[in-house]
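One structure is given here, and the rest of the page talks about it.
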Amino acid sequence: MTEQKTETAHNAADAPRRPEVVVIGGGAAGLSGALTLARARRRVLVIDGGRPRNAPAAHVHNYLAREGTPPARLLAVGREEVASCGGEFVEGSAVAAERLAAGGFRVVLADGSAVEADRLLVTTGLVD
Ligand SMILES: Cc1cc2nc3c(=O)[nH]c(=O)nc-3n(C[C@H](O)[C@H](O)[C@H](O)COP(=O)(O)OP(=O)(O)OC[C@H]3O[C@@H](n4cnc5c(N)ncnc54)[C@H](O)[C@@H]3O)c2cc1C
């Protein structure tokens with residue numbers, strides 16, 4: 001009996017903690033939102049398909065303090081900043097999101113996995 005209790009407690013401690021906010025889209029907008037939330041000590045998970053709008057561009061311009069930076073570098077630094085505050089990432093595409101009757105949202109990814117969170121931030125950008 002004691003053994004079973006210990007096992008249960010162990011599993012609970014190991015279980016991944018449900019994020020408070022899921023951010024769909026890890027471009028400049030999503031990472032900015034995620035950084036703000038993570039700095040406010042929210043548990044944040046960013047789901048990103050890895051296809052930012054400006055991917056074809058060689059350099060970013062008119063972005064204060066980052067003139068000439070390759071777009072991929074800008075996002076890599078952004079991800080590091082979010083991660084340094086505890087934010088987490090999943091590579092993949094969200095294909096569906098639904099509001100749960102008990103509160104919160106469930107987001108389904110293209111690979112069939114799903115994640116639940118209290119809040120949803122959609123920053124999927126535009127496609128030219
Ligand atoms: C060629 C070009 C050059 C540009 N040059 C500049 C410039 O020099 N300076 C400047 O300030 N701006 C520039 N821009 C504009 C800039 O790229 C955009 O303002 C910026 O990318 C918008 O950021 P965003 O986060 O809203 O969207 P995006 O950068 O498009 O990021 C959206 C992210 O969401 C992901 N996503 C989308 N749908 C899903 C889904 N269902 N599930 C999971 N992830 C998803 C995408 O894969 C992507 O990673 C340029 C744009 C283009 C097209």
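Taken together, the values in this text are just the output of simple stated rules run on the coordinates, not laboratory data. These numbers were taken from a predicted model, which means no experiment stands behind them. Counting neighbours? That spans all protein chains shown, and the Cβs are built from the backbone with ideal geometry, glycine included.
Values for this structure:
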item	result
Low-density loop positions, trypsin sites (Lys or Arg not before Pro), segment 28-111 - DSSP coil, at most 15 other Cβ in 10 Å	ARG41, ARG53, ARG66
Intensity falloff of segment 16-122 expressed as log10 I(q)/I(0), Debye formula with alpha-carbon point scatterers, at q = 0.17 Å⁻¹	-0.77
Cβ-based charge dipole, the chain, positive-most Cα from HIS61, ALA102, VAL90	HIS61
Charge dipole (debye, nearest 20) of the chain; +1 at Cβ of Lys and Arg, -1 at Cβ of Asp and Glu	380
DSSP beta bridges in the chain [antiparallel fraction, %, rounded to 5]	45
The chain: angle of helix 28-39 to the longest principal axis, Cα-based, in degrees nearest 10	40
Sites matching chymotrypsin sites (Phe, Trp or Tyr not before Pro) across segment 58-108 that sit in DSSP coil, with at most 16 neighbouring C-beta atoms within 10 Å	TYR63
